[in-house]
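The structure under discussion appears below in the form of structure tokens.
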Amino acid sequence: QVQLVESGGGLVQAGGSLRLSCAASGHTFSSYAMGWFRQAPGKERGFVAAIRWSGGSAVYADSVKGRFTISRDNAKNTVYLQMNSLKPEDAAVYYCAAGISLSRWSRDYTYWGQGTQVTVSS
């Protein structure tokens, strides 16, 4: 069982940066791949980034590639999403998730956080 709590969301101007954190409880955190997803009002939840349990491999949505960086610290049971050059279209509720394997699909993730709001003003 893994419980996830996101933090770090807020209001930022376009072009600015935010770093999201996702703290996990449960001694098996390092066994899971971790992903970030986001959902804007009226839209489906979409993939943002994911990282393998070892941290050695990561994948990104094309829309965030080169601007966002996912990382993890297994000693702290935490995964991060560094978001740079933010755009108004990045505004959404951001969720972290834990799953068995590295995947872009939400159905492959078993555990989910409650989400953190990111607002980007133009």
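The table that follows gives values for the structure above.
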{"item": "All strands (runs of 3 or more DSSP E) inside the range 1-65 with 1 or more residues being open to solvent by 20 Å² or more (accessible area, probe 1.4 Å) and of a type in the set (A, V, I, L, M)", "result": "3-7, 10-13, 18-25, 58-60"}
{"item": "Some residue of the range 49-63 being modelled with pLDDT under 95, of a type in the set (S, T, N, Q) and on the phi > 0 side of the Ramachandran plot", "result": "no"}
{"item": "Residue within the range 42-56 that is free of Cβ contacts under 8 Å to residues at least 24 places away in the same chain and more than 23 Å from residue 110 (Cα to Cα) present", "result": "yes"}
{"item": "Scope the range 94-120; condition more than 16 Å from residue 61 (Cα to Cα) and open to solvent by less than 40 Å² (accessible area, probe 1.4 Å); matching residues", "result": "98, 99, 109, 113, 115, 116, 118, 120"}
{"item": "Enumeration of residues in the range 66-83 that are part of a loop (DSSP other than H, G, I, E, B) and open to solvent by 60 Å² or more (accessible area, probe 1.4 Å)", "result": "66, 75, 76"}
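The values are calculated or read from the model by the stated rules, or taken from the named source; none is laboratory data. What you see is a predicted model; the values in this text were computed from it and never measured. Glycine also receives a Cβ, built like all others from the backbone with ideal geometry; neighbour counts cover every protein chain displayed. Quick note on the areas: whole protein, heavy atoms, side chains included, nothing else; ligands and nucleic acids left out. Shrake-Rupley method; radii C 1.70, N 1.55, O 1.52, S 1.80 Å.
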